[in-house]
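Have a look at the structure below before the remarks.
Every number in this text was worked out from the coordinates using simple rules, so none of it is lab data. What you see is a predicted model; the values in this text were computed from it and never measured. Please note: Cβ atoms are built from the backbone with ideal geometry, for glycine as well, and neighbour counts cover all protein chains shown.
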Amino acid sequence: MDTLIELLKNEPTAASTFGALASAIVACGALIVSVVSVAISIWAVRSERKHNALSVRPLAEISVVDYEDCIRVKLVNHGVGPMVIKGITVSDGKNSLPSLILWMPDLPGEREWNFFVGDIAGRALAPKSEIILVELTEDDEEEDFAACRDAVRSALAPLTAVVEYTDVFNKVMPNHTRSLAWFGRNVGQQASTIPVKAQVERRGGIDPAALAAASLASAVSTLAQSGPYTLVTSVLGITILLLVLAYDIDPHRSRSQSVAYSCVSGLTTLLAVGYPLELACAWLYLPGSGSTLPQWMHFVVWVVFSLAYFLYDKRARR
């Protein structure tokens, strides 16, 4: 240190040299800090822009529904930002059309679609929102819905839909492609198996109307007899009830048919439980009466069982 001080005293130019060197070092350090600051700023801006883009990124999905009582195809935005639809292309591998409804056939019996849309190019779709492209849902009391449903399935099966869309910054998103072959999984099978199944049912089945009439006639004739319920009466009721349930081949009924089915089933169930009820209510027995069961109990038991069968039969009213 003493040598350095002596050098600065004896050589006046040395101090200037060291000062210039120190200034150069400081300037280089400032330049490096500036360059690093600019790089960090650029990285921060790019990260923020990327975050902003991702925070409004849409995500398209074509969702399908194929139930026995409903056919639906819809476009859903599962992203976190609005989706601007540039267009939908629906193709069968040879030809292309701008909407799904243009591929659909005329429905049997002049049946109308429940919902459909045409060309939706230019429309915006908010996050977690959807646009139903086509929808066919069975109405109450409709008898020929199966024919309409199968025709739509056959038309949808060979198609492929492609959605072109952008985000709100007009950035082009990757196209979403969805094959609709899912609708064709039962088309060929139905054509080959339904006639055989129908023949089997015709050979081994019983006409539902005739079965209901026979059950009702048997129940009424049994109830009309004088005297209490017997074990034979319960056996007859159980047999008729099992017959009704066993030959309920195609449970597809209207509401009025379901009411009739439930009432007949409730009446045969009343026969089946009659003898156990007689034993349970034996303490109410009055000399000279035909049955130990009060008349009001017959009615209450029938109503309760009929209502229970009606609620259970919702599966058939589709």
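Here are a few things to note about the model shown:
- Residues ASP69, ASP313 arranged by fewest to most Cβ contacts within 10 Å: ASP69, ASP313
- Each peptide in 89-99, 230-240 receives the mean, over its residues, of other Cβ atoms within 10 Å, and ordering these scores from highest gives 230-240, 89-99.
- A full extension of the chain between ILE238 and VAL259 corresponds to an added length of 5.6 nm, given 0.36 nm per residue minus the alpha carbon distance.
- Relative contact order (%) - criterion: Cα under 8 Å, at least six apart; region: segment 60-190: 31
- Each of VAL36 and VAL172 was given a label point 7 Å from its Cα along the Cα-to-Cβ line. The distance between the two points is 4.2 nm.
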